[in-house]
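First comes the structure, then the notes that go with it.
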Amino acid sequence: MDMELNNVLSFFKALSDESRLKIVGVLASKERSVEELASLLELRAPTVSHHLARLKEIGLVGMRSEGTTHIYRLNIKELRALSKQVLAIDTIVTIADTVDGDSWERKILTDFFEGQRLKEIPASRKKREVVLRWLCEQFKRKIRYTEKEVNTIIGRHHPDFATLRRELIGARLMKRADGIYWRPEDEPALARLQ
């Protein structure tokens, strides 16, 4: 995974410079020497050599010698392969796996709870959903609870157990029938929070 991320970063870093992009553009039509590129792009030869070295590192540019002159060419096959690899949906999704998806939820819980006590019911639907998922985790799966038991469990965390009980039902995190409550088997797939 780290290797994939490094490949993607190297690709975008190499092409994130205007001069390097121009070099790639010029080389796409014809091979050129450092001196030709420097003249065409109005850059100094050492600057062009530096940019060519960066492009060569990731395989976008190849070089051949003609006597004492180095001639550079765009490696079109490698450009296509790299762009296909870098822009593939699987690669992009894999990179996103490094993001801690639960950090936002943990921040919400930290903001709205003092220990196990809910300071206030969030007004924002998304924040309230995080709090409700946490409350839902206070109930064991495959256990049936009376309304009084539900009120007692929720009451440990916030005094407005009636509102929170209704919210848990509305969010489909709990089911109710004949005064009995339980966590459904088909509970929405939501992140588990500690």
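Key figures
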item	result
Kirkwood-Stokes translational diffusion coefficient of the stretch 2-96, alpha-carbon pairs, 20 °C, 1.002 mPa s, µm²/s	154 µm²/s
Relative contact order (%) - criterion: Cα under 8 Å, at least six apart; region: the chain	15 percent
Prolate/oblate/rounded call for the chain, Cα gyration tensor, a/c under 1.5 rounded	prolate
Pair ARG44, ARG117: separation of 7 Å Cα→Cβ label points (nm)	6.7 nm
Partners for LYS119 among lysines (Cα-Cα distance below 17 Å; same-chain residues under 8 apart left out)	LYS107, LYS127
Two-site FRET efficiency, SER83 against ASN6, from Cβ-Cβ distance with R₀ of 25 Å, rounded to 0.05	0.95
Amide H contacts under 5 Å for SER33, placed H, 5+ residues apart	TYR72
Simple Cβ-charge dipole of the chain, Lys/Arg +1 and Asp/Glu -1, about Cα centre, in debye nearest 20	640 debye
The chain, helix-only ellipticity at 222 nm - DSSP H runs n ≥ 4, -39,500 (n - 2.57), divided by all residues, nearest 500	-16500 deg cm²/dmol
Length-normalised contact order of the stretch 2-96 in % [C-alpha pairs under 8 Å, at least 6 apart]	30 percent
Partner lysines for LYS77 [C-alpha distance under 24 Å; skip if fewer than 8 residues away on the same chain]	LYS13, LYS22, LYS30, LYS56
Cβ-defined net charge surrounding GLU149, 12 Å radius [Lys, Arg +1; Asp, Glu -1]	+4
Mean Cα-pair separation over length for the stretch 103-182, i.e. relative contact order, pairs under 8 Å, 6 or more apart, %	30 percent
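Laboratory data are not the source of any read-out in this text; all were calculated from the coordinates shown. Values in this document were obtained by computation on a predicted structure and should not be read as measured data. Every residue, glycine as well, gets a Cβ built from its backbone with ideal geometry; the counts of neighbours run over all protein chains shown.
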